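The values are calculated or read from the model by the stated rules, or taken from the named source; none is laboratory data. Only a predicted model underlies this, so the values are computations on that prediction, with no experimental measurement involved. Note that each Cβ is placed from the backbone with ideal geometry, even for glycine, and that neighbours are counted across all protein chains shown. These area figures cover heavy atoms from the full protein model, side chains too; ligands, DNA and RNA do not enter into them. Shrake-Rupley method; radii C 1.70, N 1.55, O 1.52, S 1.80 Å.
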Amino acid sequence: MEILVVGTGAREHALVRALAADPAVTGLHAAPGNPGIGELARLHDVDPLDPAAVAALATALGVDLVIVGPEAPLVAGVADAVRAAGIAVFGPSAAAARLEGSKAFAKEVMAAAGVPTAASRTCATVEQVAAALTEFGAPHVVKEDGLAAGKGVVVTDDREAALEHARACLAKPGGSVVVEEYLDGPEVSLFVLSDGTDVVPLVPAQDFKRIFDADAGPNTGGMGAYSPLPWAPDGLVAEVVETVARPTVAEMARRGTPFAGVLYCGLALTSRGMRVVEFNARFGDPETQVVLARLRTPLAGLLQACATGELAAFGPLTWDDGAAVTVVIASAGYPTQARSGDRLTGVAQAGALPGVHVLHAGTALHDDALVSAGGRVLSVVGTGATLTEARATAYAGVDRIGLDGGQHRTDIAARAAAEASGDASTEGKDA
Ligand code: AMP
Ligand code: GLY
């Protein structure tokens with residue numbers, strides 16, 4: 001099977017790495033990819049946001065399957081264009097990707113499907129926002145309706161700051177905002193694969209969204225992740241499949257816009273039960289890096305089954321019983337104003353350590369030297385029998401890598417590892 005992967009990040013590098021390990025894969029291409037992906041796949045300088053260009057590339061290469069990594073190409077209709085060219089594609093249509101592209105649409109689908117989520121109001125004016133803030137009380141949660149690369153959500157006790165964010169969102173053309181009740185409790189990411197009818201869950205992971213240790217500082221795209229979650233309640237995956245994924249996939253099919261691809265269920269385990277925080281229409285980054293590190297089932301056939309409506313016939317997935325931890329190395333200034341062009345050292349040495357692999361995100365080659373080229377630069381993955389081992393392995397890799405001004409968190413999976421190994425001094429379950 002020949003495959004084209006669309007995207008540039010560590011998530012796409014993780015996908016390509018898993019595909020390269022699948023004996024059924026005979027050729028790998030990426031558009032546009034990055035230097036790490038380039039070690040495993042042929043890179044093509046094609047704009048991932050241009051549906052016609054991606055479809056033309058897939059046709060010219062004669063690939064059997066296209067896998068779309070990020071949300072923006074999906075919302076732009078890349079999957080539709082590839083499908084129209086007669087090529088199988090893993091990733092939802094633009095109409096189905098609205099589950100991520102519009103928070104108001106996602107709320108409407110969840111309401112129709114009876115999926116548990118935060119109560120919310122979709123608002124078109126500041127007066128409506130003010131009324132909703134009063135109705136739900138603090139902490140206030142205000143979300144921009146459209147795609148905002150993780151920057152559209154403000155959670156604050158400050159009513160004025162909540163109103164200010166709402167005003168900024170409403171000032172955009174066609175802008176609307178979603179105000180919702182605050183959800184307490186730890187967050188879990190669960191990816192559920194779908195072919196439009198059937199669903200297959202992967203294993204849960206947890207993401208660390210804030211830039212600094214102890215969840216301080218601003219939100220980022222994600223600074224690290226781990227899997228499994230030893231503290232998660234038994235039956236969580238089955239509950240999400242039955243109360244979230246199946247009803248949502250059925251509702252999308254009923255509307256004539258079947259959802260085929262990966263439904264990323266962002267969940268909060270609140271004191272009143274599990275609630276959906278958000279849906280995404282693609283794999284999460286960096287959670288994918290740890291989930292795929294544990295997947296033993298060959299990936300290409302699994303994603304092809306989603307693309308071709310054959311998930312029901314696909315056998316059960318197999319998983320490594322051990323743990324995986326990933327630590328993101330970000331550039332100086334991230335997430336506000338990321339600096340580029342800093343020299344990276346030690347990447348090969350880190351990747352040569354047992355149980356470590358290094359995935360590229362924002363990297364570039366300048367005169368054969370690897371330099372930073374974006375906010376999140378590398379995702380260092382460590383595996384081991386336990387979270388404690390996987391964590392130590394990942395950080396041993398991080399310690400080998402040099403990046404001037406580079407930032408990483410030192411507490412990824414720390415609490416979960418300590419709890420799982422019976423260290424009673426760390427209580428609580430979030431992050
Ligand atoms: P979203 O883009 O909807 O995933 O929101 C980004 C982050 O904001 C989430 O991962 C949560 O940490 C936080 N968040 C979103 N909605 C809520 C909510 N209703 N209550 C508390 N935190 C929230
Ligand atoms: N890890 C968060 C995201 O992919 O949206």
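Could you tell me whether region 212-255 comes out rounded, prolate or oblate from its Cα gyration tensor? Rule is a ≥ b ≥ c as square roots of the eigenvalues, rounded for a/c under 1.5, then prolate if a/b exceeds b/c, otherwise oblate. Taking the square roots of the gyration eigenvalues as a ≥ b ≥ c, region 212-255 is oblate.
Before anything else, pin down the relative contact order of the chain: Cα pairs under 8 Å, at least 6 apart, normalised by residue count, whole percent. Please list the in-between numbers first.
On the way: 1068 pairs, mean separation 67.6, N = 431.
It rounds to 16 percent for the chain.
Grouping the Cα pair distances of region 1-140 into 10 Å bins from zero gives a pair-distance distribution of 12, 34, 23, 17, 12, 3 percent in increasing distance order.
Note on the chain: with charges restricted to the Cβ of Lys and Arg (+1) and Asp and Glu (-1), its dipole about the Cα centre is near 360 debye.
Considering lysine pairs in the chain that are 8 or more places apart or on different chains, how many have Cα atoms under 12 Å apart? Walk me through the intermediate numbers first.
Numbers: LYS103/LYS143; LYS107/LYS143; LYS143/LYS151; LYS151/LYS209.
So the count of such lysine pairs works out to 4.
Oblate is the label for region 323-431, because the ratio a/c of its alpha-carbon gyration tensor axes (a ≥ b ≥ c) is 1.5 or higher and a/b is not greater than b/c. Among the GluC sites (Glu not before Pro) in region 276-354, those located in a DSSP loop and surrounded by at most 15 other Cβ atoms within 10 Å of their own Cβ are GLU310.
Given axes a ≥ b ≥ c from the Cα gyration tensor, I'd like to know whether the chain is rounded (a/c under 1.5), prolate (a/b larger than b/c) or oblate. Intermediate results must be reported in sequence, preceding the final value.
Working: a/c = 1.34, a/b = 1.12, b/c = 1.19.
Rounded, since a/c falls under 1.5.
Label reach from ALA124 (point 7 Å along Cα→C-beta): in region 66-105, amide nitrogens under 18 Å belong to 102-105.
For region 155-297, the relative contact order comes to 27 percent (Cα pairs under 8 Å, sequence separation of at least 6).
For LEU370, the solvent-accessible surface with a 1.4 Å probe is about 30 Å², rounded to the nearest 10. Taking Cβ atoms as reference points and 15 Å as the exclusive limit, the residues near ASP404 contribute a net charge of +1, counting Lys and Arg as +1 and Asp and Glu as -1. For region 285-348, the extents of the C-alpha atoms along the principal axes are 48, 27, 21 Å, listed from largest to smallest.
Using the heavy atoms of the protein chains and a 1.4 angstrom probe, tell me the accessible area per residue for region 251-401 in square angstrom. Can you show the working numbers first?
Working: 5640 Å² over 151 residues.
Using a 1.4 Å probe on heavy atoms only, each residue of region 251-401 averages 37 Å².
Neighbours of ILE3, meaning other residues whose beta-carbon lies under 13 angstrom from its beta-carbon, give a summed charge of -2 when Lys and Arg score +1 and Asp and Glu score -1. Once both labels are positioned 7 Å from their Cα atoms along Cα-to-Cβ, the gap between ALA312 and THR134 label points is 5.2 nm.
The residues packed around PHE105, meaning those with a beta-carbon under 15 Å from its beta-carbon, carry a net charge of -1 if Lys and Arg are +1 and Asp and Glu are -1. Specify the inter-centroid distance of region 314-365 and region 34-88, based on alpha-carbon positions, in whole Å. What the calculation gives is 23 Å, centre to centre.
Considering only protein heavy atoms, with the full assembly of protein chains and a 1.4 angstrom probe, order THR336, THR410 by accessible area, largest first.
On the way: THR336 125, THR410 80 Å².
The residues order as THR336, THR410, largest area first.
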